[in-house]
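Next up is a structure, given as structure tokens.
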Amino acid sequence: MNTLTADLQVITIKPGELNISARPVALHTILGSCLTVTMFSPRMHIGGICHALLPHLRLEEPGGGKPAAGAAHDSRDEEFKYVDSAIKFMLESFLAYGVTEDEIEIKIFGGADMFESNGIPGGIVTVGAQNIKMANEFFELRHLKIINSDVGGREGRVLYFYTHTGECLVRRIISAGIYKAYLKKLYNNYNRY
């Protein structure tokens, strides 16, 4: 089956969402500093994707205190906003389907540095870089191999993931901020009359 021409339902995955499917669908998302992890079982033809915004779910406030009253850390939906807890949920779901860890094909995308650091000496560790690091550490700790990735850089990405083949189609997009900086630089290189 050609995934580009297949008559598949397309589901858009928004930030903080996750989808695991045992039926053929195309899962679509748009990434900047967020990170998407895809998992696929070739044997079971099950595919999953998450769109995480931040590296980890903080169950305690800085200093060791409990989260403020009304904090929504107990919700499953809240957990999907974080790389560590979204990946953990996906992995547990695949194992519940009867997929073994060694057969899961893992790919990661996104984690771009979308915002300028304003020339801060020594730079700062961006959200995108933190998201990439969290995913790499998670899989390394569990001895799981990432088979493909397209992470970092300064460009966003549009991604389509096909749950029945594990194939990912990625197109890079230029961010508005980078585009504006480019135009400013280009404009400043001309003489004004």
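Given the Cα-Cα distance of Lys133 and Glu78 and 0.36 nm per residue of separation, how much length would full extension add, in nm?
Taking 0.36 nm per residue and subtracting the Cα distance, the gain is 17.8 nm.
Using R₀ = 25 Å, calculate the FRET efficiency as 1/(1 + (r/R₀)^6) where r is the Cβ-Cβ separation of Leu144 and Thr165; round to 0.05.
0.80
Calculate, in nm to one decimal, what Ser93 and Arg23 gain on full extension: separation in residues at 0.36 nm each, minus their alpha carbon distance.
Gain on extension, Ser93 to Arg23, equals 23.7 nm.
For Val158 and Thr100 in one chain, what is 0.36 nm times their gap in residues minus the Cα-Cα distance, to one decimal in nm?
Stretched fully, the Val158-Thr100 segment lengthens by 18.0 nm.
Computed from the coordinates by the stated procedures, all read-outs in this text should not be read as laboratory data. Note that the structure is a prediction, hence the values are computed from the model and not measured. Methodologically, a virtual Cβ is constructed for each residue, glycine included, from the backbone with ideal geometry; neighbour enumeration extends over all protein chains shown.
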